[in-house]
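The values are calculated or read from the model by the stated rules, or taken from the named source; none is laboratory data. Computed from a predicted model, the values in this text were never measured in an experiment. All Cβ positions, even for glycine, are placed from backbone atoms using ideal geometry, and neighbour counts span all protein chains on display.
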Amino acid sequence: MRVRRATIDDAMAIHDVLQRCGTEGTLAPTEPALADIERFLRSKSAGAFIIARDGRDAGVAMFDRQGDVLWLFRLGVVPDARGRGAGRMLVDAVEAGARGAGASAVFVQLPKALAARTFFEALGYRADTEEPDVVAGQPVTLVDLVKLV
Ligand SMILES: CC(C)(COP(=O)(O)OP(=O)(O)OC[C@H]1O[C@@H](n2cnc3c(N)ncnc32)[C@H](O)[C@@H]1OP(=O)(O)O)[C@@H](O)C(=O)NCCC(=O)NCCS
């Protein structure tokens, strides 16, 4: 498996991977539109990593720098590539990028009950704050997980 830093030319590839991942684990009710991904990749503070398996793009991690910390916005590995270390490699790449950019921590916000919380805890993330919110009309408890890098 190979991880690469996304360029603006990867917007369609990211769109395709996120569509294959579906909306599981997302806080938004729909996948981001191609134009939103392009805008994200053009932003100075934001970026993404893509992982390919057997020559096919199979996962993405999108991040945005906010002050001294980096927020991991969207992490997704396509269903048939899960459980083989791709998610861990993407998070490793984001953390290395955060360190390289001088950030002190990586944050990620998840619905409290999401299975991926266990994944992040296995990678050293710990709950920071918890707050009730409403997502797509449904009440949900959101938890911010953090790892110092
Ligand atoms: C969460 C997700 C990215 C994990 O990707 P993955 O490639 O399957 O994860 P990895 O194979 O790198 O697993 C890394 C470790 O976490 C563990 N793990 C993975 N998914 C897990 C889960 N759902 N629950 C508990 N542990 C999990 C693995 O056992 C592994 O531990 P190990 O290295 O000690 O064996 C993937 O399941 C996914 O895309 N889910 C849907 C989207 C989502 O929920 N994204 C997170 C919110 S942004």
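Output the number of residues of the stretch 16-31 satisfying the condition of being surrounded by 14 or more Cβ atoms within 10 Å (Cβ to Cβ) and free of Cβ contacts under 8 Å to residues at least 24 places away in the same chain. Total satisfying the criteria: 2.
With respect to Arg117, determine if the residue is under 24 Å from Cys21 (Cα atoms), at pLDDT 95 or above and among the basic types (Lys, Arg). Answer is no for this residue. Of the residues in the stretch 98-106, none is of a type in the set (Gly, Ala, Ser) and within 23 Å of Val78 (Cα to Cα). Being assigned to a strand (DSSP E or B), more than 9 Å from the ligand (Cβ to nearest atom) and under 21 Å from Cys21 (Cβ atoms) holds for only one residue in Val134, Val143, and it is Val143.
Screening Thr141 against (1) polar (S, T, N, Q); (2) touching a Lys or Arg at 6+ places or on another chain (Cβ under 6 Å); (3) closer than 19 Å to Val60 by Cβ leaves a single unmet condition, (3).
Anything in the stretch 60-94 that is on the phi > 0 side of the Ramachandran plot and near the ligand (Cβ under 8 Å from one of its atoms)? List them, or say none. Scanning the stretch 60-94 gives Gly83, Gly85. All but one of (1) more than 16 Å from the ligand (Cβ to nearest atom); (2) buried (at least 19 other Cβ atoms within 10 Å of the Cβ) hold for Ser45, so report the exception by its number. All conditions are met except number (2). For Leu75, the conditions (1) surrounded by 14 or more Cβ atoms within 10 Å (Cβ to Cβ); (2) in contact with a His (Cβ under 6 Å, 6 or more places away or on another chain) all hold with the exception of (2).
Could you list, in sequence order, the residues of the stretch 98-114 that are modelled with pLDDT of 90 or more and within 11 Å of the ligand (Cβ to nearest atom)? It would help to see each step written out before you state the result.
Step one: filter the stretch 98-114 for residues modelled with pLDDT of 90 or more, giving 98-110.
Matches in the stretch 98-114: Val108, Gln109, Leu110.
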